[in-house]
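Everything below concerns the one structure shown next.
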Amino acid sequence: MSVAAASGGGSSLGAAASGCLSAGSPYASAAVGGAGTAGGAAGVAGRLPARVLEHIFSYLELSDLMRCSLVCWHWYNILADENSEVWRSLCTRSLTEEALRSDVLCNLPTYKGKLKSYQHALSSNDCSRNVYIKKNGFTLHRNPIAQSTDGARGKIGFSEGRHAWEIWWEGPLGTVAVIGIATKRAAMQCQGYVALLGSDDQSWGWNLVDNNLLHNGEVNGNFPQCNNAPKYQDTSDLDMDDKTLAFERGFEFLGVAFRGLPKACLFPAVSAVYGNTEVTMVYLGKPLDG
């Protein structure tokens, strides 16, 4: 299942520390093509051959690379190659071998894209105590706890820009299985088996079991039926410019689910009740239509 969120600015790897992506940050400026104000040169360093700079950059961490991309156009263009040795090196240092070898990232063709997806994955620090994120860094596992609904938020929320992410749900859905978005204030755990996302005014969710659209504890209509299959994928689109959340399945657009979303930092989120259910979220970047 893919989810796409859209807002006015470009997505940035370096925004992970802040928790909410904004186009006003220097990292977002780099992501959308804004090199620094050094007039296209950075002294001797700016004239170093690309192969030398690439070797040096391959030892740097993400925050340093984001700053380097703002130094001059020469450095920016070197870092713009998303399959370069720079991004390959950082990707292999940051992601587990399991993640890189599995099918989880099969729809992301570049090393920078894989790294960006990891930065946006479900958070092990912002989830119910009854779930954990597996070693691959992308998959949530819900422990078989009775009378509990458990969720997780993505590491990074969005206040602007267009974004897409994919959700893979493996195992039975149980009585309630919800995907959607939530603010930082939305609860990620509650007693009983309920549709946690959409149960308050801080979250919006699609219950894949009864196909209801939920917000503020109310049903806002229905969406196409979802098979209770052992494994399936869907796509969702969140547009913070138009303030809408939509869903897709495969390459079929299912329609807009929610309109009039608030101007707030909204995070991808899921909630589940079935024991040993596993849910994988993979950030894809901008939706394919833009």
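To the nearest 0.05, how large is the calculated FRET efficiency for LYS134 and LYS184 if R₀ is 30 Å and r is the Cβ-Cβ distance?
With a Förster radius of 30 Å, E is 0.80.
So, with a 1.4 angstrom probe, what is the percent of accessible area on segment 96-186 that is carbon and sulfur?
47
Full extension from LYS243 to ASN143: what is 0.36 nm times the residue separation minus their Cα-Cα distance, to one decimal in nm?
Gain in length upon complete extension: 32.6 nm.
Starting from 0.36 nm per residue, how many nanometres of slack lie between GLU61 and VAL219 once their C-alpha separation is accounted for?
Roughly 52.4 nm would be gained on extension.
Taking the convex hull of the Cα atoms, report for segment 151-226 its projected area averaged over all directions, in nm².
Numbers: hull surface 22.5 nm².
The orientation-averaged projected area of the Cα hull of segment 151-226 comes to 5.6 nm².
Compute the distribution of all C-alpha to C-alpha distances in segment 101-195, in bins of 10 Å from 0, and list the percent of pairs in each, rounded to whole numbers.
The percentages, shortest bin first, are 13, 46, 32, 8, 0.
Hey, with R₀ at 30 Å, roughly what FRET efficiency would ASN125 and ALA50 work out to, going by the Cβ-Cβ distance, to 0.05?
0.20
Need the list of lysines near LYS134 for cross-linking: C-alpha distance under 26 angstrom, and skip anything on the same chain fewer than eight residues off.
By straight Cα distance, LYS134 reaches LYS112, LYS114, LYS116, LYS155, LYS184, LYS231, LYS286.
Would you please put 131-140, 149-158 in order of how densely packed they are, using the mean number of other Cβ atoms within 10 angstrom per residue and starting with the highest?
Values: 131-140: 19.3, 149-158: 25.9.
My ranking of the peptides, most packed first, is 149-158, 131-140.
Based on Cα coordinates alone, diagonalise the gyration tensor for segment 41-152, multiply each eigenvalue by 5, take square roots, and list the semi-axes in whole Å, largest first.
37, 14, 10
The values are calculated or read from the model by the stated rules, or taken from the named source; none is laboratory data. Everything quoted here is computed from the prediction, not taken from an experiment. Every residue, glycine as well, gets a Cβ built from its backbone with ideal geometry; the counts of neighbours run over all protein chains shown. Calculation scope for accessible area: heavy atoms of the full protein, side chains included, ligands and nucleic acids excluded. Shrake-Rupley method; radii C 1.70, N 1.55, O 1.52, S 1.80 Å.
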